[in-house]
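Single-structure report; data block below.
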Amino acid sequence: AVAAAVATGAGAAVMRDADELAMIQEARVVRAQWTNDEFFHMSPLYTFGMPVGLGLPEEAQAAFEVEFLKGPPDGTGAYRLDEDTLRYVVQSEIGWNDGWNYTVNDGAVTLAGAVIQYIDLDAPIGSDGPYLPTASGLVYDTIMAADGETPIASGLDLIFNIGLNDAKQQEMAVFWEIGETSGLVRPCSGELSEAFPWGENIGTPDRLYIGDQESGHIYTNVGAVPLVVDLAEGVLYQLPQLGFGVAEKTTQYNTQEEDFVAFLTANYGGNGHEPGTVEFGDNMTLTVGDDGDINIGSFEALYIGKKDPEGDFLGRNGFREGQVYVFKQDSGFSYDSCDAANQGQTFPGTFVKVPWSFDYAEVEGKPREAVVDYFRNHANEAVFMAAATSVAAEGAHNARQSGKSEHNAANPVEIEIGGKVYPPGTLAAKAFTNANFVGLFDMSGLQEALASGNGTFPDEVPSSLTVMVPCAEGVDEETGETWHEPTYLNSPDSLYWLGDGQIYIGEDTGSVGDKLIIFDVEETLKPGAWEDGAFVGAAAPRVAARLARESLTLFDKSSIFGSNNRRSNSQEVSGTVDLSGPLNVAFNGTTNPFGYYGYEMEPDASLFTFQIQLHDQRDSEDVARKGQIILARPVTRFANFPGTPPRVESYSGGRRKALANLI
């Protein structure tokens, strides 16, 4: 069992006065303008800034080890803790020094910054709610250093907090204020993977939560790496073997065999790389620019790991021996241009091996100085990006500085497209945020590639990209420049594939009106689904929710009665999770240590949550930033849209000519 780290110091003293509590209670019942209310029952599950146990008897408060969760909420997941309890996991997307302090490693280390938290909900198997909170805390009480064996001694042992050389380390201390209490940074998106998610002995054998850190500066620090939590033991590990750089959402995929695991990470790549020279390690340099060593746009990084059944958590889940690949498209399709005629078109590509890997032998049993030297010279964002550039520069999503890569999600149920049946976990839905389109990567080639390798890592993995929701080419009337005009989605970011076979996509425009929109994958890719620049019939997407102006002021007492800041709160929709699987799964704690395996669940999206992030609601230093978790249930079970649902109309002739449903 996890003995969760406890919030300390000022974290236990926020928002105590009566006026604030009255405001919070009002925020709990006053909702934003949700569309499609006739199809969904919605209610707040948790509002950031509220005590998690608000309104519960005093004797129940001891179970809430974290009284106020840090926000804003981003990555999320849920699993059944026991026959009566669902554990809802949610991370906070904030910086390394933000929010209340907490302790890890038996109290030896104090950290601020982002955390991965939980709320336990009263939810007996198959129950109809109301799913009241019963406890809260952190999902880890131990953080391991880079070797995966030694607990960190301070925040300076976190890989992100290591400078590229001594001068950069001093610069980080002065300008970034990185020190011993600096913690995790901006975990953006995440995924909870059940043990054996795809079938008996297929996939990771442990239940785990994996997230990514969305921050970095290629000229200053070693770089961000994914994080993984052993949920049974409460231990957080850093994963440099999956690659370095600003990233969003690492998702597990189905290899369709028992010896290997596969994870796909959305990497920003060169989205933020200004031209220049990176100085790192022992007087080493790499150039960034059009003709430089580093010249790649955003990309998909595929990690294939080999499982060691006798190994530790990292070993048995395939994290100690592995190889990184990057998707390289083979055709003339360009991510930097748009054409609505591409809808339903498939463009071949390949995941090619990156000539780089992380070597645990270089950090195991070594003094800290030797570990730091290894990262500075051989394992950092600059070295990794140069290796990716060498094999895929011309086939990445975008040119350097022209776009970013965000969420991907695996199909949780069987999907049929074009007469081919895809088992769960063999398709990757992908949000191309700046390009305003959504595609599907075919991951079924993993099985063939691994079989041909005879137990070794293949040189490449065949794949393809199919355009599901296209963008169109817009023209700026004043400058004549072209841009990615959305057909349906403005800056698609949050993307989750639920058990009803549909993809739930949240927008991140940072302005009023962001939406959660639902697309039926099979319907959108049927012949005739796309006519005259729009989806027709059953392929037409639906609006699940839309944020209104009121949602920007509900949680901030300083502007709740005013409107001056309503358009400056940088909100977005994030973190959708299907609760129906763990809610209804049969639980038997004697069969296996997790009570059930992932492949035993049958999710149907009959109960799900999504989240609101309010990045600029910062009136509480301890909570850091605000937001809300929304619980949603279709009015008719197993039928999200009874009758004829309202369509989401496509754009007609430009950004300012959106039809009513998109305003």
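The values are calculated or read from the model by the stated rules, or taken from the named source; none is laboratory data. Note that this is a predicted model, so its numbers are computed, not measured. When we count neighbours, we look across all protein chains shown, and the Cβ atoms used for this are built from the backbone with ideal geometry, even at glycine. The accessibility values were calculated without ligands, DNA or RNA, using every heavy atom of the protein model including side chains. Shrake-Rupley method; radii C 1.70, N 1.55, O 1.52, S 1.80 Å.
Computed quantities for the displayed model
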{"read-out": "Per-region count, segment 44-72, residues outside any loop (DSSP other than H, G, I, E, B) and either at pLDDT 90 or above or open to solvent by 40 Å² or more (accessible area, probe 1.4 Å) (or both)", "value": "6"}
{"read-out": "Scan of segment 73-106 for residues that are more than 20 Å from Q213 (Cα to Cα), outside any strand (DSSP E or B) and in contact with a Pro (Cβ under 8 Å, 6 or more places away or on another chain), ordered by number", "value": "E83, D84, N105"}
{"read-out": "Residue identified as open to solvent by 10 Å² or more (accessible area, probe 1.4 Å), modelled with pLDDT of 65 or more and not β-branched (V, I, T) among P593, P645", "value": "P593"}
{"read-out": "All positions within segment 62-100 that are within 20 Å of A224 (Cα to Cα) and free of Cβ contacts under 8 Å to residues at least 40 places away in the same chain", "value": "none"}
{"read-out": "The listed residue being open to solvent by 10 Å² or more (accessible area, probe 1.4 Å), in contact with a strand residue (DSSP E or B) (Cβ under 6 Å, 6 or more places away or on another chain), modelled with pLDDT of 95 or more and acidic (D, E), out of E279, E233", "value": "E279"}
{"read-out": "Positions within segment 73-104 being among the polar types (S, T, N, Q) and open to solvent by less than 10 Å² (accessible area, probe 1.4 Å), in sequence order", "value": "T76, Q91, S92"}
{"read-out": "Matching residues, segment 404-424, being among the aliphatic types (A, V, I, L, M) and within 23 Å of the chain's Cα centre (by Cα)", "value": "A409, A410, V413, I415"}
{"read-out": "Restricting segment 129-145 to residues that are open to solvent by 10 Å² or more (accessible area, probe 1.4 Å) and of a type outside the set (S, T, Y), the residue that is farthest from E65 (Cα to Cα)", "value": "A145"}
{"read-out": "Whichever residue in segment 107-128 is part of a loop (DSSP other than H, G, I, E, B), of a type in the set (A, V, I, L, M, F, W, C) and in contact with a strand residue (DSSP E or B) (Cβ under 7 Å, 6 or more places away or on another chain) and, among such residues, is nearest to E65 (Cα to Cα)", "value": "V115"}
{"read-out": "Residues that are among the charged types (D, E, K, R) and outside any strand (DSSP E or B), drawn from segment 430-460", "value": "E448, D459"}
{"read-out": "Single match in L192, L184, L158 (criterion: buried (at least 24 other Cβ atoms within 10 Å of the Cβ), out of contact with any strand residue (DSSP E or B) (no Cβ under 6 Å at 6 or more places or on another chain) and under 28 Å from R316 (Cα atoms))", "value": "L158"}
{"read-out": "The lone exception for G269 - which of (1) crowded, with 24+ Cβ neighbours inside 10 Å; (2) at pLDDT 95 or above it fails", "value": "(2)"}
{"read-out": "Selection status of D206, of a type outside the set (A, V, I, L, M), in contact with a strand residue (DSSP E or B) (Cβ under 8 Å, 6 or more places away or on another chain) and open to solvent by less than 10 Å² (accessible area, probe 1.4 Å)", "value": "no"}
{"read-out": "Residues located in segment 397-429, provided they are at pLDDT 95 or above, open to solvent by less than 10 Å² (accessible area, probe 1.4 Å) and assigned to a strand (DSSP E or B)", "value": "A409, I415, L427, A428, A429"}
{"read-out": "Sole residue being more than 30 Å from N436 (Cβ to Cβ), open to solvent by less than 20 Å² (accessible area, probe 1.4 Å) and among the aliphatic types (A, V, I, L, M), chosen from V324, V371, V363", "value": "V363"}
{"read-out": "The listed residue being of a type in the set (S, T, N, Q) and under 24 Å from G575 (Cβ atoms), out of T103, T134", "value": "T134"}
{"read-out": "Residue that is out of contact with any Cys (no Cβ under 7 Å at 6 or more places or on another chain) and surrounded by 15 or more Cβ atoms within 10 Å (Cβ to Cβ), where the choices are G163, G126", "value": "G163"}
{"read-out": "Output for segment 341-375, where each listed residue is under 27 Å from the mean Cα position of the chain (by Cα), over 30 Å from P486 (Cβ atoms) and not in a loop (DSSP other than H, G, I, E, B)", "value": "V352, K353, Y360, F375"}
